[in-house]
Amino acid sequence: MKQRDLYDLYMERFMSIPVPALNLPEGSSIRNVTEKDGYLWEYVMDASFGNYEPGDFRYVMVNNHDYEDDRVFIMFDKNGKPVATSSSWRQHYRWNNNDIGYVIFVGVIPEYRGKRLAQQMVNYILHDLKKNGFQTLLLDVKEDNLSAIKTYINCGFRPRIAMSQHVEAWRRL
């Protein structure tokens, strides 16, 4: 079977849809992280996706012109262990619209998967972006990341067709 390229699929959500209430596990908390504690983000990202190391928070986040230190979030379990992350972003240069929020870097460490923590992290971002006045939210996801696609659909995101390849990819899904 010929291996095919995986396209980044785009999904969008309109803030006119009600934002679900947060439903965090008992004792869990979410807070933003800044550069001084970026090692927490690096830990969650490395555990979630691999290939993240010390200094990557500065390289990936802080050095990006869309970085705002109050938009990178970590969930901690009842024992204070970092277990999930998500970030709200702006990418006006990508979509030619300053009113579009962007959801990025949603990750959950393996031993905490299957507990709907990614959904709660996305819901947290929805509340953050709504509070900041965004009316439309976008994200991109690899078409083989079915668990993420399911999470995003459960959070009110729908396909956004931006390329002809997307039509067939969404049809397969």
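Worth pointing out:
- Residue match in region 80-88 (condition: in a strand (DSSP E or B), touching a helix residue (DSSP H, G or I) at 6+ places or on another chain (Cβ under 7 Å), at pLDDT 95 or above and among the aliphatic types (A, V, I, L, M)): yes
- Candidates are the residues of region 114-166 that are more than 17 Å from Leu22 (Cα to Cα), of a type in the set (Lys, Arg) and modelled with pLDDT of 90 or more; the one that is farthest from the chain's Cα centre (by Cα) is Arg158.
- Residue pairs meeting the criteria (Cβ under 7 Å; at least 6 apart or on separate chains; first aliphatic (A, V, I, L, M), in region 74-90; second in a loop (DSSP other than H, G, I, E, B)): Ile74/Val33; Met75/Ser28; Val83/Asp77; Val83/Ile109
- Glu26 surrounded by fewer than 19 Cβ atoms within 10 Å (Cβ to Cβ), farther than 30 Å from Arg172 by Cα, touching a residue at least 12 places away in the same chain (Cβ under 8 Å) and not hydroxyl-bearing (Ser, Thr, Tyr): yes
- Qualifying residue in region 48-69 (condition: touching a residue at least 40 places away in the same chain (Cβ under 8 Å), surrounded by fewer than 23 Cβ atoms within 10 Å (Cβ to Cβ) and in a loop (DSSP other than H, G, I, E, B)): no
- Members of region 35-47 found to be within 22 Å of Lys78 (Cα to Cα), in contact (Cβ under 8 Å) with a residue 24 or more places away in the chain and more than 17 Å from the chain's Cα centre (by Cα), listed by number: none
- Residue check, Asp128 more than 21 Å from Glu42 (Cα to Cα), in a loop (DSSP other than H, G, I, E, B), out of contact with any His (no Cβ under 9 Å at 6 or more places or on another chain) and not polar (S, T, N, Q): no
This table checks each residue for (1) acidic (Asp, Glu); (2) modelled with pLDDT of 95 or more; (3) touching a strand residue (DSSP E or B) at 6+ places or on another chain (Cβ under 7 Å).
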site	(1), (2), (3)
Glu42	yes, yes, no
Tyr59	no, no, no
Asn64	no, no, no
Asp70	yes, no, yes
Asn96	no, no, no
Ile104	no, no, yes
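The values are calculated or read from the model by the stated rules, or taken from the named source; none is laboratory data. It should be emphasised that the depicted structure is a prediction, and the values quoted were computed from it without experimental measurement. Neighbour counts run over all protein chains shown; Cβ positions are idealised from the backbone, glycine included.
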